[in-house]
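The structure appears below as structure tokens.
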């Protein structure tokens, strides 16, 4: 019973490039959440998705960031034209309805 | 605006003793609280949770206490073990269908053998 999968685990991008982070939820989970953790900080909510729907994107920056959870395949967090301030650990979590959220190992994004 | 606060950045205890981790919140709309443990380079692992209709929940060595009037919760670990050494995050979830978790900044627990 695989847990939440995230890839890549580490991603290095130069300023101005695009970053794509992938998340496969636990089997049977249809709710996906993305969080970002800056150094020395707690996790900050970004977006909550169900299949083909964005439910709550109140934590997403207004520009350059987007997320999707298609009918088939993993959820994708996309960051366009990355800047150094985007360097962080990005965690995906999944849940079954209103149950506890289970987290993946995270993707550590470094912007040079 | 830190709605969930973990005011102590670190705690060091001796193996076998009790560890008490504290968390305060400001938003009275929170109705569900969770504790997560996190090792370096890994994702947070769910430990224990409590609903606002309860004041205590116990699971093995872990007990969470909730004091709604004080907007305070605590996690007790007894007896503490060296493997408990990690960063612990307190998180809260609001009413009204909002599923997002609001996290504290975390507290590093070190259990010395």
Identify, please: which residue in the stretch B:31-44 is more than 7 Å from chain A (Cβ to nearest Cβ) and assigned to a strand (DSSP E or B) and is, among those, surrounded by the most Cβ atoms within 10 Å (Cβ to Cβ)?
B:36
Please indicate, with yes or no, whether at least one residue in the stretch A:14-21 is more than 14 Å from every other protein chain (Cβ to nearest Cβ), in a strand (DSSP E or B) and in contact (Cβ under 8 Å) with a residue 40 or more places away in the chain.
yes
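Condition first: more than 8 Å from chain B (Cβ to nearest Cβ) and either at pLDDT 95 or above or in a strand (DSSP E or B) (or both). Now tell me which residues in the stretch A:94-104 satisfy that.
First, the residues of the stretch A:94-104 that are more than 8 Å from chain B (Cβ to nearest Cβ): A:94, A:96-97, A:99.
Matches in the stretch A:94-104: A:94 only.
So which residues in the stretch A:56-67 are crowded, with 16+ Cβ neighbours inside 10 Å and in contact (Cβ under 8 Å) with a residue 12 or more places away in the chain? Write out each step before concluding.
Step one: list which residues in the stretch A:56-67 are crowded, with 16+ Cβ neighbours inside 10 Å, which gives A:56-57, A:59-60, A:65, A:67.
Across the stretch A:56-67, the qualifying residues are A:59, A:60, A:65, A:67.
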Scan the stretch A:37-76 residue by residue and report those that are within 13 Å of another protein chain (Cβ to nearest Cβ) and either in contact with a helix residue (DSSP H, G or I) (Cβ under 9 Å, 6 or more places away or on another chain) or outside any strand (DSSP E or B) (or both).
A:38, A:39, A:40, A:41, A:42, A:57, A:58, A:59, A:60
Inspect all residues belonging to the stretch A:29-36 and state whether any of them is over 18 Å from residue A:57 (Cα atoms), within 13 Å of chain B (Cβ to nearest Cβ) and either touching a strand residue (DSSP E or B) at 6+ places or on another chain (Cβ under 7 Å) or at pLDDT 95 or above (or both).
yes
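The values are calculated or read from the model by the stated rules, or taken from the named source; none is laboratory data. Everything quoted here is computed from the prediction, not taken from an experiment. Positions of Cβ are generated from backbone atoms using ideal geometry, with glycine treated the same way; all protein chains shown enter the neighbour counts.
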